[in-house]
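A short worksheet on the structure shown next.
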């Protein structure tokens with residue numbers, strides 16, 4: 001390996017590290033928001049089965065440097081919790097109609 | 001005055017909500033009627049046999065299984081456990097008097113203001129005597145519960161709702177039962193009421209009437225015994241809802257409601273299921 005190649009590699013590593021750090025800030029804020037939403041659904045007793053798992057997987061993907069996957073999982077988890085909360089609110093009016101009369 | 005008016009209006013609106021303010025007795029009568037109409041060929045007392053009460057094909061197989069019941073080992077293990085003294089020399093008998101008390105649970109405890117189930121009482125007996133509590137879904141607790149259920153066969157299900165606080169717990173259990181939940185958006189009743197008799201993958205869905213009479217249960221799919229709350233957790237998970245803690249308040253109140261719905265039937269545990 002010649003010196004200039006090492007230089008190029010080193011620059012690339014530093015650059016990717018910097019961009020990762022910036023994204024890591026975004027990721028961790030997005031993750032926190034999604035986890036807060038999950039807890040909000042949980043307090044209502046409305047949480048879905050896989051939301052927590054998705055958030056764990058997101059963390060793992062971020063640690064492994066797969067930002068795209070990590071963000072996608074966070075978005076999916078957030079959507080699940082929003083849907084779960086909407087379901088809970090909707091059901092507040094609907095459940096009683098199912099009781100046999 | 002304005003506040004009072006608001007309250008009165010709110011109550012009036014609440015009253016028109018279907019099902020919300022029906023008494024438990026009315027609820028139960030309608031519930032029983034729903035299932036006896038849906039399955040007119042099933043004798044009422046047979047609903048304690050779950051899906052086998054409505055499915056002649058699997059019933060035969062089940063009757064054969066019952067000749068050498070897979071829960072027998074659990075009953076034996078439970079009996080041995082019952083007869084083994086705790087480290088302090090006392091035993092379950094000092095808490096319960098006799099094993100055949102399945103019929104006293106679940107009940108509303110007036111002083112503690114919560115629903116007490118048999119499994120909770122078993123663990124509280126242990127802890128009061130310096131023993132470690134058992135895990136709630138399977139294992140030793142299912143053995144003891146199986147032994148006690150066996151000793152209680154034929155006892156009537158007769159859950160009581162003694163006061164308004166108990167009624168509130170019943171209402172919470174009822175709401176739990178009819179609310180859709182999980183990613184798949186199903187209520188318990190969607191499957192075990194409207195859907196009873198339908199196939200879900202390879203399983204025929206059992207009717208809810210009689211649902212809690214035979215627990216704990218030996219389930220082939222589990223390869224062992226499980227408690228009622230294990231089953232609740234499994235059914236929540238099936239629709240991709242997060243399950244609740246076994247013996248937490250949610251499942252105890254669900255058990256309170258669901259067992260009340262079977263008042264008048266007999267306890268017949270432990271059971272065997274696919």
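The values are calculated or read from the model by the stated rules, or taken from the named source; none is laboratory data. Not measured: the values here are computed from a predicted model. Please note: Cβ atoms are built from the backbone with ideal geometry, for glycine as well, and neighbour counts cover all protein chains shown.
A few notes on this one:
- Residues that are within 12 Å of another protein chain (Cβ to nearest Cβ) and surrounded by 18 or more Cβ atoms within 10 Å (Cβ to Cβ) within region A:25-49 comprise A:38, A:41, A:46, A:47, A:48, A:49, listed in sequence order.
- Selected residue [more than 15 Å from the chain's Cα centre (by Cα), within 19 Å of residue B:231 (Cβ to Cβ) and surrounded by fewer than 20 Cβ atoms within 10 Å (Cβ to Cβ)] from B:113, B:140, B:132: B:140
- Scanning region B:79-117 for residues that are farther than 21 Å from residue B:159 by Cα and either assigned by TED's automatic domain parsing to the domain that holds residue B:211 or in contact (Cβ under 8 Å) with a residue 60 or more places away in the chain (or both) yields B:79, B:81, B:82.
- Verdict on residue B:166 being touching a strand residue (DSSP E or B) at 6+ places or on another chain (Cβ under 7 Å) and buried (at least 19 other Cβ atoms within 10 Å of the Cβ): yes
- Selection status of residue A:7, closer than 18 Å to residue A:89 by Cβ, surrounded by fewer than 18 Cβ atoms within 10 Å (Cβ to Cβ) and modelled with pLDDT of 50 or more: no
- Options B:173, B:194, B:182, B:234: the member that is within 23 Å of residue B:41 (Cα to Cα) and either within 14 Å of the chain's Cα centre (by Cα) or within 14 Å of chain A (Cβ to nearest Cβ) (or both): B:194
- Residue check for residue B:48: touching a strand residue (DSSP E or B) at 6+ places or on another chain (Cβ under 8 Å) and crowded, with 18+ Cβ neighbours inside 10 Å: yes
- Residue list for region A:37-79, filter: outside any helix (DSSP H, G or I) and touching a strand residue (DSSP E or B) at 6+ places or on another chain (Cβ under 9 Å): A:45, A:46, A:47, A:48, A:49
- In region A:53-86, of all residues being free of Cβ contacts under 8 Å to residues at least 24 places away in the same chain and touching a helix residue (DSSP H, G or I) at 6+ places or on another chain (Cβ under 7 Å), the one that is farthest from residue B:185 (Cα to Cα) corresponds to A:61.
- Looking at B:210, B:237, B:248, B:269, just one residue is at pLDDT 95 or above and either at positive phi or in the same structural domain as residue B:146 (by TED's automatic domain parsing) (or both), and that residue is B:210.
- Pair list, Cβ under 6 Å, 6 or more apart: region A:87-99 residue more than 7 Å from chain B (Cβ to nearest Cβ) and at pLDDT 95 or above, other residue in a helix (DSSP H, G or I) and surrounded by 18 or more Cβ atoms within 10 Å (Cβ to Cβ): none
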